[in-house]
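The values are calculated or read from the model by the stated rules, or taken from the named source; none is laboratory data. Keep in mind the model is a prediction, meaning the values are calculated, not measured. Note: ideal-geometry Cβ built from the backbone for every residue, glycine included; neighbour counts use all protein chains shown. Surface accessibility is based on the protein's heavy atoms, side chains included, excluding ligands, DNA and RNA. Shrake-Rupley method; radii C 1.70, N 1.55, O 1.52, S 1.80 Å.
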Amino acid sequence: METVIASYGDTSSDSESDSRPAIVVADNRSSPAATLPPPPIDLLNSPKTLGTSGYWERNRGSRIRSFPHIEGNFALHVYIPVFIPSERKKELAPFLKKATSVVRGLHVVDIDVPLLMLLKDEEKLVQAALGREFHISLGRTVPIRVHQIDSVVTMLRQKLQFQKQYLIDFTKWEVFVNDDKTRTFLSIENTAGGLAEITKQIQAVNEVYQLHNLPKFYKDPRPHISIAWAVGDISQSLKQVVDGEMNIRINAGGLSTANCLSCPYSACFL
């Protein structure tokens, strides 16, 4: 058994955006040196297109595990998938370019391509950095044993299946650092619409985790999606760039949510 996925919500709708579920993934990595898959071909064509093949070969082992690999363990992650609306992607690209020019160690989340390699081609920057599935975590990524999977998935389905669709609003750039301070993330935080609903879902996941002796989520969760990452704790330098951008937007009245799209599990990025 490689992967177990459970979902909730009404998936009978004709609208693709109306069927975005919360996802439960239990993934068993057979090797402690397991590496990430290459980026999708339809986004970047091939590694050579960006001159990144040598970079990937040199940096395959750059990720640090949050918990040790143990044979028979599955990594459990519960999250809401999020896609950035197409009309908002190009509006976010200028700040990504600005942040990358100041903090040069930023990488695209998941595919780990340095953003510096994308600065000269805005179309690829938008596709690679913003044209993919992001996620809002509803619980910590934790190891579970194979005999726990059915119980965890069943309980999560029971807890989450009656959640009605709602709008998630992202309007704030923010910086986060992981617990062991090995990576810093450039993220967009949910601070308004959808926050109450996400908080309730996190509480539901916490209840299931607690019944299985798994660690609960952060005491004061701050739902967000991560756009880029860098090695180590560079939060101070990245925070300066973010704070400057947020001040510009506030002064320009750019944080209004009046033009938000009314689509569940998606957001208006302003």
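What to note about this one:
- C-alpha center-to-center spacing [region 112-162, region 171-211] in angstrom: 12
- Peptides 96-102, 239-245 ranked from most to least packed by the mean count of surrounding Cβ atoms within 10 Å: 96-102, 239-245.
- A cut-off of 5 Å between modelled amide H atoms, ignoring neighbours fewer than 5 places along the same chain, links R140 with F217.
- Rolling a 1.4 Å probe over the heavy atoms of the protein chains gives region 71-265 an accessible area of 47 Å² per residue.
- Stretching the chain fully between N251 and Q165 yields a gain of 27.7 nm (0.36 nm per residue, less the alpha carbon separation).
- Computed over all pairs of different Cα atoms, the Kirkwood value for the hydrodynamic radius of region 71-265 is 18.1 Å.
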